[in-house]
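The values are calculated or read from the model by the stated rules, or taken from the named source; none is laboratory data. As the structure is a computational prediction, the values presented were derived from the model and not from experiment. Methodologically, a virtual Cβ is constructed for each residue, glycine included, from the backbone with ideal geometry; neighbour enumeration extends over all protein chains shown.
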Amino acid sequence: MTLLDASGIVGGYGAADEILKGCGLVVADRELVAIIGPNGAGKSTLLKAIAGLLQLKAGRITLDGTDVTALSARARAQAGIAFVPQEANIFPTMSVRENLEMGGFLASKSAVAAGIAAQFARFPMLAEKRGAAARTLSGGQRQTLAMAMALMVSPRLLLLDEPSAGLSPKAADVLFETIIAVHQAGTAIAMVEQNARQALAIADRGVVLVDGRVAHVGPARAMADDPDIGRMFLGGA
Ligand SMILES: Nc1ncnc2c1ncn2[C@@H]1O[C@H](COP(=O)(O)OP(=O)(O)OP(=O)(O)O)[C@@H](O)[C@H]1O
Ligand SMILES: [Mg+2]
């Protein structure tokens, strides 16, 4: 079943209002979609458009068949779309626990308590560090915290922008395992990744974005084996 259907999206920033030139994204229930493409292609902009953080000139976005195009970012979050931006996705001076509370700001008090317990059970590292300031966490731990914050509201769709950026290969491996676990627990995910090979390895489908348009879409496995895509995005044929 289709969960997210964004189509004909045109939008951008200020005068540059056509960064996205009519692109789209479909995510099925429980699907993991990897979005790859060159720097400046509009990958982050597309995630912002879906999260409700971009002024659109055209396009339509539905979640579970309901049109959310006119909804604010907050209303979309309430409808089940959670967005983890690449940067500034945690509150550095707040504790791990306080960060999770912030992640649950849309939820009721009892839901926040239950959500924190659920995230601590899911990510024991966060439970161990619950009182520590978020800035004292390693890069991989911060990305895990950012994801846990997003999961506080039990989203239908998790949007991740370059979760492995800046991480060591080992920390990236751990984070990808975490993403696999979140996916397997039933959350649909659309993930932008610079590390295209690793992203396609865990994704169901891949989308290649070039200059604000979808250049290619298909099963992730086939895409990982495609020599053209290999040459352009995966570092060699
Ligand atoms: N806040 C902004 N204001 C104006 N232009 C912006 C803004 N953010 C991004 N852009 C421009 O929009 C275009 C697409 O940027 P975007 O960040 O979506 O690309 P990207 O595919 O995520 O690239 P990267 O791989 O470098 O993260 C770029 O030309 C960029 O300069
Ligand atoms: Mg980006």
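Here the strands (runs of 3 or more DSSP E) wholly within region 1-113 that include at least 3 residues being within 16 Å of ligand 2 (Cβ to nearest atom) and touching a residue at least 60 places away in the same chain (Cβ under 8 Å) are 16-28, 32-36.
Within region 63-100, take every residue that is surrounded by 19 or more Cβ atoms within 10 Å (Cβ to Cβ) and within 25 Å of Arg135 (Cα to Cα) and give me the one that is farthest from the chain's Cα centre (by Cα). Show your work before the answer.
Here is the first cut: in region 63-100, the ones surrounded by 19 or more Cβ atoms within 10 Å (Cβ to Cβ) are 63, 68, 76-77, 80-84, 89-90, 96, 99-100.
Filter again for within 25 Å of Arg135 (Cα to Cα), leaving 82-84, 89-90, 96, 99-100.
Values: Ala82: 8, Phe83: 6, Val84: 5, Asn89: 11, Ile90: 14, Val96: 20, Asn99: 18, Leu100: 17 Å.
If we take residues in region 63-100 being surrounded by 19 or more Cβ atoms within 10 Å (Cβ to Cβ) and within 25 Å of Arg135 (Cα to Cα), then Val96 is farthest from the chain's Cα centre (by Cα).
Out of Lys43, Lys57, one residue alone is under 14 Å from the mean Cα position of the chain (by Cα), closer than 23 Å to Ala215 by Cα and among the basic types (Lys, Arg). It is Lys43. The residue that is farthest from Leu20 (Cα to Cα), counting only those in region 160-190 that are touching a helix residue (DSSP H, G or I) at 6+ places or on another chain (Cβ under 6 Å) and assigned to a strand (DSSP E or B), is Ile189.
Of the residues Asp17, Asp29, only one is acidic (Asp, Glu) and either within 13 Å of ligand 1 (Cβ to nearest atom) or outside the structural domain of Ile61 (by TED's automatic domain parsing) (or both); which? Working first, answer last.
Numbers: Asp29 fails: either within 13 Å of ligand 1 (Cβ to nearest atom) or outside the structural domain of Ile61 (by TED's automatic domain parsing) (or both).
Every option except Asp17 fails the conditions.
Only one of the listed residues (Leu160, Leu151) is more than 16 Å from ligand 1 (Cβ to nearest atom) and either among the aromatic types (Phe, Trp, Tyr) or buried (at least 21 other Cβ atoms within 10 Å of the Cβ) (or both). That residue is Leu151.
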